[in-house]
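Structure provided below as structure tokens; questions to follow.
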Amino acid sequence: MTMTRVRESRMSTLALFFSILGALAGADEAPGNNADEAQTNIAVPDEPPGPEGWTPVQLAIYHKWQIFPNSYDVYGLGLGLGSVHDNNVVGIQAAPIAALAEGDVTPLQLSAVAAVTEGNSRGLQVAGIASVAEEGMWGGQASGIASMTEGDARGLQVAGIASVSEGGLWGAQLAGIASISENDARGIQVGGFAAVSEDGMSGIQVGGLASVTEGNARGIQLGGLASVSEDSMRGIQIGGLAAVTEDDTWGWQAGGLASATEGSIHGLQTSGLANSARDMWGGQVSLVNNVGMVRGTQLSLINGPLPFKDFLNDDETNECHGLQIGAVNNFSRTSGLQAGIINLRQQTSDGEMGGVQLGVLNNTGPTNGVQFGLINFSEKLDGAQVGLLNFEGGKLRFPLFNFRFGGSDAE
């Protein structure tokens, strides 16, 4: 009733104001034009402008029943017994069921159920079930179930189930089940089950089951079951079962069962069962090392391309330059030291050996170096063979010690 009277009073005041304007305008016109005629030429609005303004205090029982309408800004305190709904808030907005803002909230928004701002949250937003900032979050966001922002999250985002940023992350994101950034994640991202960045990641990413980056990963990536980078990885990547990079890896890649880099690895690759890479500059330690070209050190039961190499490695020319220690070493070309029970050349190649072969059985193509073994095979010798049986060019040569230098053809 009071509001109706206030509106009627405002209408009367506006009408009087426009009438005065019309009278003044008519005084300047030619005789014969009176004030009433001038008044008819002025458009009077049907309703006064919507209630917009600000208040230092907003009180509400329910967001439909509050002192000031939701178009008012609050500079101070906005409280609701059930819920409260304001425009921009600079101060504190709190309600047990829902604290709602159509604009920005700075610095504190609290609710036992839901704290929601359609603008930016600048400061701290806390809710028992859900904290939502539709444009962005600068500061802190915490909730029992979900903390979400449709823009960038800059600061700390914490939730019992899911922390989600549909933009980028600059800071820390923690969740009991999943932490998700749909753009770059820069900082710390931790999820009880999964930590996911749909673009790049720079910093630390930890997932109880899986850590996944769909772009480049820079820093530390840890996954209880798997750590995956769908682009390159620079830093440390560890997976309880598997560590996978779909491009190049610079640093250390470790998997409980398998470590796989579809490109080149520059650094150290370790696993409990198998390592795979196109090329390797550094070191590999596992039961099986499957790689195209090696420049460094390999320690394994089996080193080299496997019979199912097309599944893991599509290089037909395989080379090892450095140190190779394993039960079976299999490469097309080697230079350095090969030490194993069986040292072979890849059967699809006329492979060369330059350096030293040490094993029970040594088999290679052209040899430029020394073979030490019980049985030595060389297609063409430019060096020496030390063993019980020495074969060159398919023929049995001198036992114990056989040598040939200068690349002369075997007879």
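With 10 angstrom as the radius, rank Trp54, Trp170 by how many other C-beta atoms surround their C-beta, starting from the fewest.
Trp54, Trp170
Going by C-beta contacts inside 10 Å, put Glu379, Glu246 in order with the fewest on the left.
Lowest count first: Glu246, Glu379.
What is the gain in length, in nm to one decimal, between Asp199 and Phe372 on full extension, counting 0.36 nm per residue of separation less the C-alpha to C-alpha distance?
In short, 57.1 nm is gained.
Order these by the 10 Å Cβ neighbour count, fewest first: Asp73, Asp199.
Asp199, Asp73
Normalised by the residues of the stretch 198-317, what does the relative contact order come to in percent, with Cα pairs under 8 Å and at least six apart?
Across the stretch 198-317, relative contact order equals 13 percent.
While we're looking at this one, here's another question. Tally Lys/Arg at +1 and Asp/Glu at -1 over every other residue whose Cβ is under 11 Å from the Cβ of Thr334; what's the total?
Neighbourhood net charge equals 0.
Taken together, the values in this text are just the output of simple stated rules run on the coordinates, not laboratory data. Because the structure is predicted, anything quoted here is derived from the model rather than measured. Positions of Cβ are backbone-derived with ideal geometry, glycine not excepted, and every protein chain shown enters the neighbour counts.
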